[in-house]
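Just so it is clear, none of the values below were taken in a lab; they were calculated from the coordinates. As the structure is a computational prediction, the values presented were derived from the model and not from experiment. Heads up, the Cβs are rebuilt from the backbone with ideal geometry, glycines too, and the neighbour counts pull from every protein chain shown.
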Amino acid sequence: MDVNFAKVKNYLLDLEYTIEKEDEKTGMFTISKEDEGIVNMIIVCADPIVILEQPLFKLKSESLSIYKQLLQKNRDIIHGAFALNEKDEVIFRDTLQIENLDLNEIEGSINSLTILLSEYSDKIVEFSK
């Protein structure tokens, strides 16, 4: 097993996330911990980085107001940021260096999303309509 893939897997298990899917060949995990708002989070080990992406909602239409509010909220997010993927989905994304990755760092990134969801969930629901 790839050392970095194994390291990330062990961290996820230590943090008690459910690994829904894993593919060592592509370096990808899909994890969940629904009580924290983490559902189908994608984690990719792509040496020299680890990418974390949590789909949040699909934009129904382009809205300058929504884009502006998301960008302003990015300033308050501890780790990671809102991003827009090629399917017009708003996602939470963070990128970490894999070489010196430790448990606290990956936990901090995921906790940043959990805090964001607890503070900003009403707006996210509003934006998704």
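A few points about this structure:
- Residue order, fewest to most surrounding Cβ atoms within 10 angstrom, among E86, E99, E53, E24: E86, E99, E24, E53
- Each residue of the range 1-101 gets 119 Å³ once the volume of the Cα convex hull is shared out per residue.
- Dipole moment magnitude, nearest 20 debye, the chain about Cα centre, only Lys, Arg, Asp, Glu C-beta charged: 580
- The chain, relative contact order in percent, only Cα pairs under 8 angstrom and at least six apart counted: 21
- Ranked list, fewest to most other Cβ atoms within 10 Å of each Cβ, for D94, D2: D2, D94
- Residue order, fewest to most surrounding Cβ atoms within 10 angstrom, among K7, K58: K58, K7
- Furthest towards positive pole of dipole, F29, P55, V44, structure part the chain, Cβ charges: P55
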